[in-house]
Amino acid sequence: MKIALCQMNPIIGDIQYNKNKIIQGYRKGEKDKVDLVIFPELALIGYPPQDLVEKSEFRNAAVKAANEIASITGATGLIFGSITENDDKIGTDIHNSALLCFDGQIKFVQHKSLIPNYDVFDEMRYFDAASEVNVFNFKGSRLGISVCEDIWNDEDYWHRRRYVFDPVKKLVDDGIDLLINISASPYAYGKRASRKEMLSVLTKQDKVPLVYVCCVGAQTDLVFDGASMCFDNIGRLVKLGKSYEEDYLIFDDSVTYEEITNCEGSFEQEIHDALIYGLREYCQKLNFKKALIGLSGGIDSAIVTYIAVKALGKENVHVVLLPSKYSSEGSITDSLTLIKKLGISYDEISIQSAVDQIINSVFPAFNNDLKSVTEENLQARIRGVYLMALSNNNNYLLLTTGNKSEMAVGYSTLYGDMCGGLAVIADVYKTDIYRLADYINREEKIIPQEIINKPPSAELKPNQKDQDTLPPYEILDNILKMYLEQNKEFDAITSEVKDETIVRKVLRMVDLNEFKRKQAAPALRVSTKAFGYGRRYPIVQGWRK
C-alpha cells in the first residue's frame, strides 16, 4: 500500500483553515496516486482543544466540516483526526477519533482507546475511551488504526504499563497487515529518540509495518516537533519527517528502504531549534509582529534576544536598557555590543529618577524604614511598568527572560521581571543556558564573552551576586532536576548531594513559590516536566513547613 503522510500544523479552533489544509493534502495525495492519505490526531480542530469541545456549537461545526471533507473523497482513502459524538449518555459522549473516508463518505471510525491523564494531558476531562477496536479492510490490506496514546502501552517496551488494555496487541492478534497511528505528541528533549526506540521494538516484535504521522507546530506552551515516522516489519525506521516544519512524505510498504539510524540532534541543537520555533509560532498564531525584551547585560536576556531575532528577524526585535544606580558599566557596554552584533533597535531609559521619586513619596508609610528587598523589588517593578507601557503603546509582545532555575526557587519579582506574554527560557535551567550560549557561538561569536563570563547578578543592590542568595547553579540545578523531573524526594536527593541544609533550603524555596509560578507567563515546554499545565501543586499547603 502506498501512503502519503501529511505532517500538518493546525490552528486550534480554526476549523475552516484546518479543513482546507486537509483537502489540499488529500488532493496532493490523489495527484501522486497514493492509496491512502493520513493526517494527525484531531487535525480538524487542533490539539489540545481543551474546553472548546464542551461547546455544542463547536462540536457541530467539526461534524459538519468532517462530512464536507468526506464528500470530496474518491477512491483514494483519507484518514484524519477529529471529535465525534454518541448518545449512550455515559461519560462525556465525546470521542477523540480517527475517521477513514473514501467514495464521498466517512466509512469507518476508530475512537481512541487509551485516554491519557498525566503531565500535560487531561483528556479524561473531555473524551470517552473506545468500547471496541476493529480492523478495517481497505484495498486488500487489513488496517489497524490507532490514535496517539494507543501505541504507548507496549508490554515488550515498558517495564510498567500505564493501562491494562493494549489496543495495538488486539489489532495485531486480529491479523492486521499495517498499523497506522495518528498522533499529536508534544515534544520534550529525548522524546523523539524514545519514540523511535519504542516503535522499533513494537514493529519488530509484532512483525507489522507502522505508519506514524504526528502534527507539527506550537500551541501556546506546547511544541509539536513533527518527525513523523515509518517502520518496516522488522523494526527499522525507514521514513522520517522534518522537525519543526510541515512535511509531506510517501511510504510504500512493498518497497525496501535504507534504514535511518539517527532521529534527534544534540541537546543544544534541539533546545535551540524548539525555542525559536515555539516563539515564532506563538507570534504568528496571535498575530504579533514585533517582540520587546528588557536587555540587562546578563546571559538570560541576551539568549532571549538572540532567540527572538532568529524567530522574527532583527527588524522585528526591540530591546530596552533600563539602568539604575546599581547597574554595572558592563551591563550597558556588553548590551550595546550584543545590540550591534544582532543589528537591532534599542532605547536606553534610566529608572533611577522614578525609583527615587517613589521612595520619597512612600517613605513615610514605611515608618522611615525602607527594607532592602522592598527597594530591590521596586526597581524590578518600575522596569516592568516601562516595558509594559512600551508593549501596550507599540503593540510589542513583551518576552520574559527568567530561566527555569529562577522560576523554580522564586528568584524573580512578580509584576517586575515576570511581566510579559511568553516565558521563552523558563523551561531551561541556568547551567543549560550556558550550554546554549556555547552552541550559539560555535561558529561565530554572537553572545559576547563578557556576558558569558560575568557572575550572574540581578544588580538590584551594591555588588550583588545570585550566589549571595542561591547555591552555586551547578548544585542548584542538580537538585532541581532530581526534584522536578525525576520526582525524587528529600532523602534520595540528600544521598547524592550530601548537604542536607542546602537540599532542605532548595526544596522549601520550590514549594513556597508556587504562587509566583501560577501568575507567570506561559513557558515554552522543552523538558519532560515544565512549570505550567503539566505540573499542578497547591499554593496553600503545609507539606514542608
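None of the figures in this text is laboratory data; all of them are computed from the coordinates on show. Since the structure is predicted, the reported quantities are computational estimates derived from the model, not experimental observations. Cβ atoms come from the backbone with ideal geometry, glycine included; neighbour counts cover every protein chain shown.
Summary table
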| read-out | value |
| --- | --- |
| Local net charge near Ala184, Cβ-Cβ under 12 Å (Lys/Arg +1, Asp/Glu -1) | -3 |
| Long-range amide H partners of Tyr244 with built H, under 5 Å | Gly226, Ala227 |
| Lysines with Cα under 22 Å of Lys64, excluding same-chain neighbours fewer than 8 positions away | Lys19, Lys21, Lys55, Lys89, Lys107, Lys112 |
| Most positive-pole-ward Cα, Val317, Gly298, Asn287, against dipole of segment 281-322 from beta carbon charges | Asn287 |
| Three semi-axes of the equivalent ellipsoid, the chain, Cα gyration tensor, whole Å, largest first | 47, 25, 22 |
| Long-range amide H partners of Leu398 with built H, under 5 Å | Leu292, Gly421 |
| Backbone HN-Hα couplings from phi across segment 151-163 [Karplus 6.51/-1.76/1.60, Hz, Gly and Pro as x] | 8, 9, 9, 6, 6, 7, 10, 8, 6, 9, 6, 7, 10 |
| Three-way shape call for segment 1-106 based on the alpha-carbon gyration tensor, with the a/c threshold at 1.5 | prolate |
| 222 nm mean residue ellipticity, helices alone, for the chain (DSSP H n ≥ 4; -39,500 (n - 2.57); rounded to 500) | -11000 deg cm²/dmol |
| Relative contact order of the chain, pairs being alpha-carbon contacts under 8 Å that are 6 or more residues apart, as % | 11 |
| Nearest-0.05 FRET efficiency for Glu246 and Ser71, computed from C-beta distance (R0 25 Å) | 0.50 |
| Relative contact order for segment 351-473, counting Cα pairs under 8 Å that sit 6 or more residues apart, in percent | 20 |
| Phi-based couplings in Hz for segment 104-117 (Karplus 6.51, -1.76, 1.60; Gly and Pro marked x) | x, 9, 7, 8, 7, 10, 10, 6, 5, 8, 9, 9, x, 8 |
| Residue among Tyr257, Val362, Val385 farthest towards the positive dipole end of the chain, charges placed on Cβ | Val362 |
| Gly532 long-range amide H proximity, modeled H, under 5 Å | none |
| Total charge dipole magnitude, segment 337-475, about the Cα centre, Cβ charges on Lys, Arg, Asp, Glu only, Debye to nearest 20 | 160 |
| For segment 248-314: rounded, prolate or oblate by the Cα gyration tensor [a/c cutoff 1.5] | oblate |
| Three semi-axes of the equivalent ellipsoid, segment 391-545, Cα gyration tensor, whole Å, largest first | 26, 21, 16 |
| Relative contact order computed over segment 1-147 (Cα-Cα under 8 Å; 6+ residues apart), in percent | 19 |
| Overall form of segment 2-256 per C-alpha gyration tensor (a/c, 1.5; a/b vs b/c) | rounded |
| D_trans [Stokes-Einstein, Kirkwood Rh over alpha-carbon pairs] for segment 419-464, 37 °C, 0.692 mPa s, µm² s⁻¹ | 261 |
| Cα-based radius of gyration of segment 471-512 once divided by 2.2 N^0.38 Å, which approximates compact folds | 0.97 |
| For segment 165-180, Karplus couplings with θ = phi - 60° (6.51, -1.76, 1.60), whole Hz, Gly/Pro x | 8, 10, x, 5, 4, 4, 5, 5, 4, 7, x, 6, 9, 8, 9, 10 |
